[in-house]
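Heads up, the thing below is written out as C-alpha cells.
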Amino acid sequence: MRKIQLHWQILIALVLAVIYGIYFKEEIHYVSWMGTVFLRALKMIIIPLVLSSIISGVTNIGNAENLGRLGLKTIIYYMSTSTIAIVTGLFLVNWFKPGVGADLHLEQKPEGLDEAHSLTDTLINIIPENIFTAFSNNSQMLSVIFFAILFGFFITKVNPKYGNLMKNFFNAVFEIMMKLTLFIIKFTPFGIFGLVAEKVAEQDDLFALLQSMGLYMAVVLMALAIHALFTLPMITHFIGKANPWKHFNAVKTALITAFSTSSSSATLPLTMEAVQDNSGVSGKISSFTLPLGATVNMDGTALYECIAVMFIAQAYAIDLSITEQVIVVITALLASIGAAGIPMAGLVMITIILTAVNLPLEGVGLILAVDRILDMFRTATNVWSDSCGAVVIAKSEGEKLKV
Ligand code: ASP
C-alpha cells in the first residue's frame with residue numbers, strides 16, 4: 001500500500017466500498033466502524049485547527065488595513081460565486097421544471113426540522129454567549145471564527161512583549177495541528193471505505209428513488225456540474241490566473257473526502273493541507289480564508305436550496321412571481337451562509353426560504369429521501385469553491401503558486 005499514491009488508494013477504497021455495500025449489507029458493521037473512527041478523528045481536530053488557524057492567520061496578516069482588504073476580497077469572492085451558483089440553479093429548475101406533476105404522496109415526515117433558526121437569530125448567534133459552549137459544539141463554528149478573528153486582531157494591538165508570545169504560541173499550535181492532520185490523512189482510504197460502504201448498504205431502493213426523483217436529482221447534479229466544472233474553473237483561470245486542472249489535481253483527496261463525509265468542516269484539515277502543500281498558497285492566506293470558507297461559503301448548498309424550493313413550489317403548483325424568485329435567491333444565499341458544514345445542514349435551512357415565500361414547510365418531506373445522496377455532491381462543490389477562492393485571493397495578493 002505504501003508505494004501506491006494516496007489518491008489511488010482512495011479510489012480503490014471507493015470501488016471496494018461500493019462492492020462491499022451492495023453484496024455484504026448484513027456484514028456492514030464489520031467495516032462501518034472505520035468510517036466512524038475516521039470521522040471522529042477529523043471532528044476531534046476541527047475546533048483547535050480552526051481556532052489556531054484563524055488566530056495565526058489574522059496575526060500574520062498583521063495590521064487592520066491588510067486584514068480589511070483580505071477580508072473584503074474573501075467576502076466578495078464568497079458572495080459572488082454563491083450567487084452565480086444560485087442563478088445557475090434557478091435557470092435550470094425553471095427550464096426543466098422537475099417538480100411539475102411530482103407525486104405528492106411520496107412525502108415523508110421530516111424530523112428534526114425545528115432546529116432551523118430565523119435569519120436574524122443566525123446572525124445574532126454569531127456572537128457567542130459563552131465561548132466554551134461554542135468550542136464544544138462543532139455546529140457553532142461561526143461563533144468560534146468570530147471570536148478567533150477578534151482575539152487574533154487584538155493580539156496585534158497589545159504590547160509586543162505579549163503580542164509576540166501569543167503569536168508564536170498560536171503559530172506553534174497551528175503547526176502541530178497541521179502535523180496531526182497529515183497523520184490522520186494517512187487513514188483516509190480506510191475511513192472512506194467504511195463511510196461509503198455504509199451509505200451504499202443503507203440505500204435499499206435506489207431504483208425506485210431514481211424513478212420518482214430522477215429528474216429532480218438530474219437537475220441538481222447538472223447545475224452542480226456546470227458550477228464546479230465550468231464556472232469555478234473559469235474564475236480560477238481568468239481571475240486567479242491559475243491552472244484549474246492542476247489545482248483540481250492538487251486538492252482531489254480533499255474533494256473525495258468532502259464527497260464521502262458530506263461535511264465541509266470535517267474535510268477542512270485535508271483542504272488546508274492540500275491548498276498549502278500542493279497548490280502552494282501561503283499559510284497566511286489559507287489559514288484565514290479556508291476555515292471561513294468551510295463555514296460560510298457553500299456554493300453547492302446555495303444552488304441546491306434554490307432548486308429544492310422551486311421544486312417544492314412546482315410540486316404544489318404554486319407559481320412564484322419574479323419578486324418571490326428574487327427573494328428565494330437572496331434567502332438561499334443567506335441560508336447557505338448560515339448553514340453549518342455538517343451533513344444535511346442545508347436541508348434544515350430550506351425551511352427558512354420556504355417561510356420567506358410562504359410555501360408549505362411540509363414540502364421538505366418531498367425531497368428528504370434523496371437529500372443525503374445530493375449532499376455528497378454539494379459538499380464536494382462547496383469545498384472545491386473554497387479551495388479555488390484561496391487560489392484566486394492568493395494570486396490577487398501577488399503570491400507565486402504551484403498551480
Ligand atoms: N453538508 C454540507 C457541507 O458540509 C452542508 C449542506 O448540508 O448543504 O458543506
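Miscellaneous remarks
- Square roots of 5 times each gyration tensor eigenvalue, C-alpha, the stretch 280-403, largest first, Å: 33, 14, 11
- Mean ellipticity per residue at 222 nm, deg cm²/dmol - from DSSP H runs of n ≥ 4 across the chain, formula -39500 (n - 2.57): -24500 deg cm²/dmol
- Packing-based exposure ordering (other Cβ within 10 Å, fewest first) of 121, 277, 319, 386: 319, 121, 277, 386
- Mean Cβ neighbour count within 10 Å, used as a protection proxy, ranking 215-222, 162-169 highest first: 215-222, 162-169
- Counting every alpha-carbon pair across the stretch 131-256, the share separated by more than 24 Å comes to 63%.
- Over all directions, the projected convex hull of the C-alpha atoms in the stretch 25-71 averages 4.6 nm² in area.
- P(r), alpha carbons of the chain - 20 Å bins starting at zero, rounded %: 28, 58, 14, 0
- Cα-derived Rg to Rh of the stretch 246-289, Kirkwood definition: 0.97
- Stokes-Einstein translational diffusion, the stretch 122-169 - Kirkwood Rh over all Cα pairs, 1.306 mPa s, 10 °C, in µm²/s: 136 µm²/s
- Highest average first, the peptides 235-243, 262-270 ordered by how many other beta carbon atoms sit within 10 Å of their residues are 262-270, 235-243.
- Student exercise, the stretch 159-239 dipole from Lys, Arg, Asp, Glu Cβ charges, in Debye to nearest 20: 660 debye
- Projected area averaged over orientations for the stretch 1-95, convex hull of C-alpha atoms, nm²: 11.4 nm²
- Ordering 284-291, 87-94 by mean Cβ neighbour count within 10 Å, with the highest value first, yields 284-291, 87-94.
- Highest-MSF residue in the chain out of 208, 335, 134 [GNM, Cα springs under 10 Å]: 208
Computed from the coordinates by the stated procedures, all read-outs in this text should not be read as laboratory data. Everything numeric in this text was worked out from a predicted model, so none of it was measured. Please note: Cβ atoms are built from the backbone with ideal geometry, for glycine as well, and neighbour counts cover all protein chains shown.
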